[in-house]
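Asks: Before anything else, here's the structure in question.
The values are calculated or read from the model by the stated rules, or taken from the named source; none is laboratory data. Since the model is a prediction, treat every value here as computed from it, not as a measurement. Positions of Cβ are generated from backbone atoms using ideal geometry, with glycine treated the same way; all protein chains shown enter the neighbour counts. Accessible surface areas use protein heavy atoms only, side chains included; no ligands, DNA or RNA. Shrake-Rupley method; radii C 1.70, N 1.55, O 1.52, S 1.80 Å.
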Amino acid sequence: MKKHVFFHRLLIFIISAVMIFSLTSCAQQRKPIPQTSKSEQEQNKPPKELDDLSKAVEKFEKTLFDMHERSKKPLFIQQSEIQKQTGQQQQQGQQQQQQGQNQGGQGQQDQQQGGGGGGSQGGSQGQQQGQQPSQVQLVTPQDMLMQTQLQNEQMRLEVERANLQQFEQLKKDVLELHSLWNAFEAKAVNQFLLQSSLLEFETALNDLTKSVESSNLLQSLLDVVQLYKYLPDFYTAYAYETPPEIGKIRFGAKKIMLLTEKDKYPEAKETLDYMTGVWMMTRPRLPKENADQINQLEFSISDLKDAIEAKNAMVVKAKTEVILKIADELEKGGKK
């Protein structure tokens with residue numbers, strides 16, 4: 001009888017304990033999760049100085065990337081693209097000159113009419129001379145070869161001159177980057193950002209300045225891409241919807257693509273390891289709505305690893321472009 005009473009009391013105690021625990025758990029689950037209000041996000045948004053710096057870096061990189069891609073093409077195509085670009089740049093100046101010519105257009109027409117007779121006389125004389133028998137000059141293979149070599153040399157000089165002019169402009173632009181960096185650096189001190197990221201960004205910016213000064217195209221492009229490794233660290237101090245570390249994945253993809261173009265696969269493997277580590281920490285922080293992009297990026301990184309191990313630069317380029325596209329989609333999705 002005593003044992004029966006003891007077990008009965010024990011059962012009641014266990015049931016009571018379970019009910020108390022259940023009620024406590026429910027209360028904890030119903031407790032509202034603190035969320036950042038829109039007003040707080042507005043107050044903690046990135047400063048204009050940081051956005052201006054990011055845009056300037058992006059523009060700088062695009063100029064170098066376009067030059068780099070153009071350098072891979074045949075010489076005559078490079079010349080054609082340069083002439084097209086130069087024509088677009090001079091279009092505004094030509095329109096202004098045309099307005100000035102239109103003002104004196106009537107006087108020019110009168111002069112042309114006055115000299116028309118002489119022109120017709122000169123033309124008739126030229127026709128008479130043209131009727132005279134002319135001697136045919138034979139062109140030897142050596143002459144044709146020399147002419148081709150001369151044309152190639154002229155194209156090469158034109159391309160080099162255009163590249164030097166662009167580097168002269170980049171030297172001015174890199175000074176603007178330093179100015180924008182100093183403007184943000186003053187703000188960054190108050191945000192208690194990682195001192196190491198600030199120092200490494202400044203070191204990378206100094207390296208970029210040296211590469212541009214020496215007109216080293218590939219190294220300049222590698223150095224400006226290096227800035228993307230540290231820019232995301234500055235955005236972590238402010239409100240965001242998509243993890244800023246997505247920018248580090250973009251950095252890794254761009255650097256790997258450039259390194260493998262020069263068969264620097266060991267360095268590309270190191271960069272891939274860094275990018276994979278960043279991805280493993282960033283993936284859990286992405287919203288479930290991006291499941292498709294997350295899986296695509298996961299497989300693309302795996303395929304990129306195989307391409308680097310196989311030393312297949314063409315596949316590396318294809319996979320890095322896919323990774324960059326997915327990274328853009330993730331960032332755009334976060335800004336909606």
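Asks: Tell me the net charge near residue 179. Cut-off is 12 Å between Cβ atoms, residue 179 excluded, with +1 for each Lys or Arg and -1 for each Asp or Glu.
Replies: -4
Asks: Please go through the residue pairs 59/229; 73/317; 59/172; 72/254; 248/305; 171/325 and name each one whose alpha carbons sit more than 20 Å apart in this structure.
Replies: 171/325
Asks: Something else now. Determine, at each q value in 0.12, 0.17, 0.18 (inverse angstroms), the log₁₀ of I(q)/I(0) that the Debye formula gives when each Cα of segment 231-336 is one equal point scatterer.
Replies: -0.38, -0.73, -0.81
Asks: Under a 1.4 angstrom probe, counting protein chains only, how are 328, 263 ranked by accessible area, largest first? Before the final figure, lay out each step's value.
Replies: On the way: 328 65, 263 110 Å².
From most accessible down to least: 263, 328.
Asks: Also: Highest mean first, what order results for 79-91, 208-220 on Cβ atoms within 10 Å?
Replies: Per-residue Cβ counts within 10 Å, averaged per peptide and sorted highest first, yield 208-220, 79-91.
Asks: Using θ = phi - 60° and the Karplus relation 6.51 cos²θ - 1.76 cosθ + 1.60, list the HN-Hα couplings for segment 268-274 in order, rounded to whole Hz, with x at every Gly or Pro.
Replies: Using θ = phi - 60°, the values come out as 5, 5, 4, 5, 5, 4, 5 Hz.
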